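Only one structure is covered here, and it is reproduced in the block below.
Values in this text are rule-based calculations from the coordinates and carry no lab data. Being a predicted model, the structure only gives us computed values, none of them experimental. Neighbour counts are summed over all protein chains in view; Cβ atoms, including those assigned to glycine, are modelled from backbone coordinates with ideal geometry.
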Amino acid sequence: MKCFVTGASGFIGANLVHELNARGHEVRALLRPGADQRGLAGADFEPIPGDLADSAAISKALRGCDWCFHVAASYHLWLPNYAPMYAANVEGTRTVLEAAQRAQCTRIVHTSTVGCLHPPHSGNGVQPLGDETTRASEAQLNSPYKRSKWLGELVARELVNRGAPIVIVNPSAPVGSRDGKPTPTGRLIVDFLNRALPAYMDTGFNWVHVRDVAAGHVLAAEKGRIGENYILGNVDGNWTLQQALAVLAEVTGVPAPRLKIPYAVAWMAAVMNVTLARFTGRPPKAPLAGVRLARHKMYFDSTKAVRELGLPQTPPRQALAEAVDWFRAHGYGRK
């Protein structure tokens with residue numbers, strides 16, 4: 001198949017390009033001028049200069065394409081101005097998906113996030129799992145990133161109702177190679193490697209290998225049902241942050257932090273960080289959105305994607321180990 005990929009220089013996007021290569025597909029990749037292409041090293045693709053606001057470049061690039069993968073997004077826990085985030089994640093989504101529909105792509109895969117979903121409230125000390133039916137309420141969209149991605153999903157659903165062959169995928173917390181920026185999850189690993197993570201919060205995520213997430217995108221194009229959501233996670237990946245740090249300690253030899261910070265203390269520190277950032281313009285070390293995200297364990301059930309798509313299930317320990325190897329090999333952490 002001939003494939004068009006937005007966000008090709010990003011963490012998931014770069015791994016998707018490599019996955020498409022491995023499966024014998026042709027790739028056209030939308031790349032912003034000056035984009036960091038370390039994750040694309042060794043990949044075979046046709047670069048398309050442009051961004052999500054460049055409707056003409058996107059429409060031209062989509063001509064003759066069979067599949068469209070809209071992976072690009074503005075993913076930040078803090079920005080001095082969130083207008084560009086909404087422009088990318090909402091209006092940029094509309095631009096790409098409408099152009100793909102006009103180009104008569106047979107499948108359009110829209111990359112959302114599990115932030116648009118939400119696990120039920122825990123009871124009796126047991127943390128329930130979220131799935132594709134547990135939609136987040138507006139009150140639970142507690143960051144501009146979550147809200148902008150939620151609005152982007154609404155755009156995708158609107159176009160499904162207008163006949164667009166869109167499948168929506170919701171990755172959980174991917175880790176692994178080629179996280180060049182790095183993402184907030186990757187930053188946590190880098191800080192761990194550099195002994196810049198003195199404490200942790202009582203939180204948890206569904207950890208998944210980014211290679212499985214990339215494969216899940218291709219499988220969604222091959223087998224996904226139009227209009228359906230698929231959580232791209234790992235059925236054994238619901239780990240507390242403390243568990244993940246313990247695994248990182250085992251694979252790196254770096255001691256895990258022992259100090260657990262109460263939510264109230266982390267919240268107050270984040271408020272002070274964000275207030276200072278407004279004056280300095282520098283991103284806060286502890287963004288308030290990140291602390292709010294950590295208040296609840298984001299555990300999810302990915303059995304629908306495993307059952308319907310055949311989503312691979314690489315052990316999360318291997319994903320963390322490969323992330324460590326890649327960061328160290330590329331100079332992000334101490335050896």
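Relative to its residue count, segment 1-144 spans a Cα convex hull of 149 Å³ per residue. Here the mean projected area of the convex hull built on the C-alpha positions of segment 34-85 is 5.1 nm².
At q = 0.12, 0.28 Å⁻¹, what is the log10 ratio I(q)/I(0) for segment 74-140, with the Debye formula run over Cα points and no solvent? So the normalised log intensities work out to -0.51, -1.17.
Divide the volume of the convex hull around the Cα atoms of the chain by the residue count and you get 130 Å³ per residue.
At q = 0.26 Å⁻¹, work out log10 I(q)/I(0) for segment 200-243 with the Debye formula, treating every Cα as an identical point scatterer and leaving solvent out; two decimals please. Here log10 of I(q) over I(0) equals -0.90. Note on segment 115-240: Cα convex hull, mean projected area over all directions, 9.4 nm².
Beta-bridge orientation, the chain: approximately 15 percent antiparallel, per DSSP, counting only bridges with both partners inside.
Shape of segment 131-190 from its Cα gyration tensor (a ≥ b ≥ c, root eigenvalues): rounded if a/c is under 1.5, otherwise prolate when a/b > b/c, or oblate? Prolate, since a/c reaches 1.5 and a/b exceeds b/c. The residues neighbouring Trp150, those whose beta-carbon lies less than 10 Å from its own, together hold a net charge of +2 under the Lys/Arg +1, Asp/Glu -1 convention.
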